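> This structure is in structure tokens; I'll ask about it shortly.
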Amino acid sequence: MKMTSLMNNYARLPVAFAKGAGCKLWDVEGREYLDFTSGIAVTNLGHAHPKVTAALQEQAGTLLHTSNLYEIPLQEQVAGKLAELSGLSKAFFCNSGAEANEAAIKLARRYSQLKHGAHKYEILTLHDSFHGRTLATVSATCKPKYQEGFAPLMPGFQYVEKDLDKIEAAIGESTCAVLVEPVQGEGGVLPLGAEFLQGLRELCDAKGILLLFDEVQTGIGRTGHLFACQAAGVLPDIMTLAKGLGNGVPVGAMLAREEVAAAFAPGTHGSTFGGNPLAMAAALAVLTAIEEEGLLAHAVQMGEELRARLQQLAATDPAIVEVRGQGLLQGLVFDRPVGPLVSKCLEKGLLVLSAGETTLRLLPPLIVTSADLHLGMTLLEAAIKETSA
Ligand SMILES: *Cc1c(COP(=O)(O)O)cnc(C)c1O
């Protein structure tokens, strides 16, 4: 066993990276890799994107942090841009996905309790969901493995099947919201589909409860739309973002429509780091680059190419059960655990992820080219051949 002062909570693969550019990474020995993980849907613009790098260098040399005791013009700018792009007019900034979901849970409860009374607090979440690792978000997450040993979990969540009738039946007097990922990422790349999301919107409206979308993984262009909810034509009451928003700089956001956001008055919620000038410079550069470089249309096109290649592969390999996903969030479902395949891909110079036991998850950056996809698929095909042999 290697001696380490680090806690043992990650099962790390035996490689350390020293440098990145675009879709490429180089390890400490100089070996090149193709990155189809984007740091788990974070570096959506690729590594060392020139506009993000320049914005960060400029901001780092000017002002990193002042606290939310004072006005932060860059926060206003990013919030304004997110409002214009999402249709949700108010933003709160934090530092991670779990924190954004914590904020969403708090806002949903507070809005509902102010409006309807203290009994209105329960949030429904779905089977196969993932909402984070803090105590509240792990309680919201329907996955026993992530909850073992952390009892008592936070009360006020109920897990339901992905079925509109079952969700309707589960909504009671105390229910204040439904929280879902438009495409469930960690759970196995499971798109909920436009019809389901539209049905959920109608159901929440009919019942007078809030609809919360966790777009921490699906947001910022990942599915070929800036937000996955836009593909379904559904506007939630609250949306959470993080991962891709800073292209690697930790930043999270909770967006909400005005009436709901009004439940947060001065002093009700806060964060020391949240929305500091460095994080906001990153987010602004990311949103600007996506627009200026036409990356959403590009991601749609590359997503279609990737999907076509995966479907070709699935048609020739009986071990592949299904191809599913949206845009550049694609899953290849196998009839066996994919752990050995992830390691084999690494050996070949291709970084990929798993999602659940049997789904291989591919998350190339939005800047990926046809040539990159071709190389990645060639490496993947070779890795599959060697692991099934
Ligand atoms: C990654 C993720 C989170 C948690 O984000 P952290 O930044 O790790 O706290 C929450 N929800 C979804 C859908 C995610 O993919």
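The values are calculated or read from the model by the stated rules, or taken from the named source; none is laboratory data. This structure is a prediction, so every number in the text was calculated from the model and none was measured. All Cβ positions, glycine included, derive from the backbone under ideal geometry; neighbour counts span all protein chains shown.
> Considering only residues that are among the β-branched types (Val, Ile, Thr) and farther than 17 Å from LEU350 by Cβ, look in the range 1-29 and name the one that is nearest to the chain's Cα centre (by Cα). Talk me through it step by step, then tell me what you get.
Step one: filter the range 1-29 for residues among the β-branched types (Val, Ile, Thr), giving 4, 15, 28.
Adding the requirement that they be farther than 17 Å from LEU350 by Cβ leaves 4, 28.
Details: THR4: 30, VAL28: 28 Å.
Filtering the range 1-29 for residues that are among the β-branched types (Val, Ile, Thr) and farther than 17 Å from LEU350 by Cβ, the one nearest to the chain's Cα centre (by Cα) comes out as VAL28.
> Among GLY349, GLY356, which is the only one that is under 21 Å from the mean Cα position of the chain (by Cα) and in contact (Cβ under 8 Å) with a residue 40 or more places away in the chain?
Values: GLY349 fails: under 21 Å from the mean Cα position of the chain (by Cα).
When all the criteria are applied, what remains is GLY356.
> Here's a follow-up. Could you tell me whether any residue of the range 293-316 is within 16 Å of the ligand (Cβ to nearest atom), buried (at least 24 other Cβ atoms within 10 Å of the Cβ) and either modelled with pLDDT of 95 or more or among the polar types (S, T, N, Q) (or both)?
Filtering the range 293-316 for residues within 16 Å of the ligand (Cβ to nearest atom) gives none.
Looking through the range 293-316, none of the residues is within 16 Å of the ligand (Cβ to nearest atom), buried (at least 24 other Cβ atoms within 10 Å of the Cβ) and either modelled with pLDDT of 95 or more or among the polar types (S, T, N, Q) (or both).
> Which residues, counting only those in the range 220-270, are within 11 Å of the ligand (Cβ to nearest atom) and surrounded by 24 or more Cβ atoms within 10 Å (Cβ to Cβ)? Don't jump to the end; show me each part of the working.
As a first pass, look at the range 220-270 and keep what is within 11 Å of the ligand (Cβ to nearest atom): 222, 228, 240-246, 250-252.
Hits for the range 220-270 are ARG222, ALA228, THR240, LEU241, ALA242, LYS243, GLY244, LEU245, GLY246, VAL251, GLY252.
> Using the structure shown, decide if TYR159 is in contact (Cβ under 8 Å) with a residue 40 or more places away in the chain and either in the same structural domain as PHE196 (by TED's automatic domain parsing) or in a strand (DSSP E or B) (or both).
On the way: in contact (Cβ under 8 Å) with a residue 40 or more places away in the chain: no; either in the same structural domain as PHE196 (by TED's automatic domain parsing) or in a strand (DSSP E or B) (or both): yes.
In short, no.
> Another question, if that's okay. How many residues does the range 155-186 hold that are closer than 21 Å to LEU255 by Cβ and more than 11 Å from the ligand (Cβ to nearest atom)?
Final tally of qualifying residues: 3.
> Follow-up. With the checklist (1) assigned to a helix (DSSP H, G or I); (2) under 25 Å from TRP26 (Cα atoms); (3) small (Gly, Ala, Ser) in hand, flag the one item ALA297 doesn't pass.
(2)
> Would you mention how many residues in the range 357-373 are surrounded by fewer than 21 Cβ atoms within 10 Å (Cβ to Cβ) and β-branched (Val, Ile, Thr)?
2
> OK, next. Under 30 Å from THR175 (Cα atoms), of a type in the set (Ser, Thr, Tyr) and within 15 Å of the ligand (Cβ to nearest atom), is that true of THR43? Walk me through it before giving the result.
On the way: under 30 Å from THR175 (Cα atoms): no; of a type in the set (Ser, Thr, Tyr): yes; within 15 Å of the ligand (Cβ to nearest atom): yes.
No.
> When you look at LEU287, is it assigned by TED's automatic domain parsing to the domain that holds SER67, within 20 Å of the chain's Cα centre (by Cα) and part of a helix (DSSP H, G or I), yes or no?
Against the criterion (assigned by TED's automatic domain parsing to the domain that holds SER67, within 20 Å of the chain's Cα centre (by Cα) and part of a helix (DSSP H, G or I)), LEU287 qualifies.
> PRO318 fails exactly one of the following numbered conditions: (1) in contact with a helix residue (DSSP H, G or I) (Cβ under 9 Å, 6 or more places away or on another chain); (2) part of a loop (DSSP other than H, G, I, E, B). What is the number of that condition?
Failed condition: (1).
> Okay, next question. So, in the range 29-40, exactly how many residues are among the β-branched types (Val, Ile, Thr) and either farther than 30 Å from GLY270 by Cβ or away from the ligand (no atom under 16 Å from the Cβ) (or both)? Walk me through it before giving the result.
Pass one, the range 29-40, residues among the β-branched types (Val, Ile, Thr): 37, 40.
Then drop every residue that is not either farther than 30 Å from GLY270 by Cβ or away from the ligand (no atom under 16 Å from the Cβ) (or both), which leaves 37.
Going through the range 29-40 one residue at a time, the tally reaches 1.
> So which helices (runs of 4 or more DSSP H) stay within the range 51-154 end to end and still have 2 or more residues that are surrounded by fewer than 16 Cβ atoms within 10 Å (Cβ to Cβ) and within 16 Å of the ligand (Cβ to nearest atom)? If you could, list the steps in order and put the result at the bottom.
Values: elements: 73-86, 97-116, 135-140, 144-147.
Ranges flagged: 144-147.
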